[in-house]
């Protein structure tokens, strides 16, 4: 209970300190993954360990993961639908092709995450998500999202071929049991014009299995250059999941470097 009180007071302190910086920020336009904001037209953000995005127009952006694209292609589009009563609405729509990645790691020895005895069929995942964002304070944004994912498989997947690892299992479990649902909250703000913070919680809920709930918590501190050309994030990711091998917790470092190109 004392730990919960400390966390609560810490969050209140962050909000109060952030609210002292009263200038209306330009940063709402940038570094907006996880919010209902979209990239400005022709703005590109190239990320090393996260999705990179490009503004096709002022209310439409496209994004993909640069490192994983050639192993597990995934492309998503975010569309902004405007603002009403201070609440911004957007939707995300994406497609994922995991077959090549899973066949690559279905091998013996180093790099083998799946036994080579399993056959990996052709598969495509399709997801749709709603995101709403609101700025309750001058330099803080809170966002909430909810989504659903379906898959189309050429064959039924063998449950023994699952990869019971954080990040991977909750996102690929839809190919074994569908549909899958996700819901989460993203809370971010700034201490100063160049230093900020981000806290998020995301839940994954699977259908048709007892291993049906996964939690991901992320917390980072961030530095953003004054000209919005560079963003550095460092923090943690905490995972909990009901895996086929049993409940597990994982704590991993989270580091990311993103370059901004364009207005």
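Computed from the Cβ-Cβ distance with R0 of 30 Å, the FRET efficiency linking residue 183 to residue 257 stands at 0.60.
Normalising the average separation of contacting C-alpha pairs (under 8 angstrom, six or more residues apart) by the number of residues puts the relative contact order of segment 212-263 at 36 percent. Of the residues 244, 40, 166, the one that moves most in a GNM of the chain with alpha-carbon contacts below 10 Å is 244.
Extending 7 Å from the Cα toward the beta-carbon at both residue 132 and residue 48 defines two label points whose distance is 3.7 nm. Here the gap between residue 205 and residue 91, fully extended at 0.36 nm per residue and compared with their Cα-Cα distance, gives a gain of 39.1 nm. Checking [x] 18.0, 58; [y] 17.3, 53; [z] 19.3, 60 against Rg and Dmax of the Cα atoms in Å calculated from these atoms, the matching label is [z].
Ordered by the count of other Cβ atoms within 10 Å of each Cβ, fewest first, 174, 132 give 132, 174. In this rough spin-label picture, where each label sits 7 Å from Cα along the Cβ direction, the residue 245-residue 230 distance is 3.9 nm. In the elastic network of the chain, a GNM with C-alpha springs shorter than 10 Å, the most mobile of 42, 203, 177 is 42. Annotation: the residues 263, 227, sorted from fewest to most other C-beta atoms within 10 Å of their own C-beta, follow the order 227, 263.
Counting neighbouring beta carbons within 10 Å and listing from fewest to most, the residues 195, 175 come out as 195, 175.
For the options 197, 249, 213, a Gaussian network treatment of the chain with springs between C-alpha atoms closer than 10 Å singles out 249 as fluctuating the most.
Each reported figure results from applying straightforward, stated rules to the coordinates on display, with no laboratory input. Only a predicted model underlies this, so the values are computations on that prediction, with no experimental measurement involved. All Cβ positions, even for glycine, are placed from backbone atoms using ideal geometry, and neighbour counts span all protein chains on display.
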